Amino acid sequence: MGEFTHYPVMLHECIEGLNIRPDGVYVDGTLGRAGHSMEIAKRLTTGRLYCIDRDMAAIEAARDRLSPWMDRVSLIHGNFTDLDRLLEEYNAPPADGMLFDFGVSSPQLDDPARGFSYMQDAPLDMRMDQSQPLTARTVVNEWSQEELKRILYQYGEERYAPAIAAAIVRAREESPIETTLQLVEVIRSAMPAPALREKQHPAKRSFQAIRIAVNDELTAAQRVIDQAVPRLAKGGRLCVITFHSLEDRIVKNGFGTFAKGCTCPPDFPVCVCGKKPTLKSVSKKPVLPSQKELEENPRSRSAKLRIAEKL
């Protein structure tokens, strides 16, 4: 299977970071194929694990994978951006640990029908939650050239964003761009020869940008940090895995805001807001995958894990 075998990213590091107690309460906000959840559930006795995923296929698959431990697991279909509401509905107590993996899960990437991959032909979709209306086809065929240029540059850090956006608009004027490989060819046509010879696939950054736009991933990252920290018990751990610099920056700054507490302007002589620090980073720098993991799972190469603890 090679690269397409499922590996929970930084599994050992996450389990160590969560500091699991057998009687504790834990949340896996991005269930995926349940690799992390399985290792958490194994370590619980009287504790409880709440597993959330927006993809119903992930929930259904988890019923089998987690079947030996379902007496201590709650499977919740929903978006982690609604963390507060979802946990309230289940009367979940303050959590001793929460884990969020912001990557696209391997099953989604590996299922050609989902339209995430620039290597296989499929309808332009890219929805993590297949019940939502916005698809990659809508973004590519209906968003303005200016908006396409913005997301390609901002979310994909694509230096050829203006040329690619213009090429997409020209192509769709002839006929709608319907499939992933059609889009790949349009992207290729807009890039200079040296860029096409780079080691990285020419469509990688553009596909990342469109996927982020379709799933509103950056807003989601901010919202989940804002909701997760107040729901942690004292001493509870928050572990967040990101896969690109934009999300990592949001997580780093989000942790920093809760760690700082006071929001008064710097020139105020004394604090008047009364806000106290509620979080501390467990390590100043993000945890990176081991060399062994990089060899076994190349998809983990851009992953960063940040860990914080509730004060």
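Quick notes
- For the residue pairs Lys149/Lys284; Lys204/Lys252; Lys42/Lys199; Lys252/Lys292, alpha carbon separations beyond 29 Å are given by Lys149/Lys284; Lys42/Lys199.
- FRET efficiency estimate (nearest 0.05) - Cβ-Cβ, Gln132 to Ser74, R0 35 angstrom: 0.90
- Degrees separating the helix 56-65 axis from the principal Cα axis of the chain, which is the longest one: 50 degrees
- Acute angle (nearest 10 degrees) that the helix 145-154 long axis makes with the longest principal axis of the chain, alpha-carbon atoms: 50 degrees
- Accessible carbon and sulfur surface of the chain relative to its total accessible area, %, 1.4 Å: 53 percent
- Trypsin sites (Lys or Arg not before Pro) lying in DSSP loop within the stretch 142-195, provided at most 14 other Cβ fall within 10 Å: Arg159
- Expected-Rg normalisation [2.2 N^0.38 Å, Cα atoms] applied to the stretch 97-245: 1.14
- Alpha-carbon Debye profile of the chain, log10 I(q)/I(0) at 0.13, 0.15 Å⁻¹: -0.97, -1.20
- Put simply, the amide H of Gly236, placed in the peptide plane, has neighbours under 5 Å in Lys310, leaving out anything fewer than 5 places away on its chain.
- Only Lys, Arg (+1) and Asp, Glu (-1) charged, at Cβ; the stretch 166-280 dipole about Cα centre in debye: 680 debye
- Relative contact order for the stretch 151-196, counting Cα pairs under 8 Å that sit 6 or more residues apart, in percent: 38 percent
- DSSP-assigned coil residues among trypsin sites (Lys or Arg not before Pro) in the stretch 231-297, each with at most 12 further Cβ atoms within 10 Å: Lys284
- Taking the square roots of 5 times each eigenvalue of the Cα gyration tensor of the stretch 9-125, largest first, gives ellipsoid semi-axes of 26, 15, 13 Å.
- FRET efficiency, 1/(1 + (r/R0)^6) with R0 22 Å, evaluated for Leu288 and Lys260 via beta carbons: 0.30
The values are calculated or read from the model by the stated rules, or taken from the named source; none is laboratory data. Predicted, not measured: the structure shown is a model, and the values here were computed from it. Glycine also receives a Cβ, built like all others from the backbone with ideal geometry; neighbour counts cover every protein chain displayed. Remember, those area values only see protein heavy atoms, side chains included, never the ligands or the DNA or RNA. Shrake-Rupley method; radii C 1.70, N 1.55, O 1.52, S 1.80 Å.
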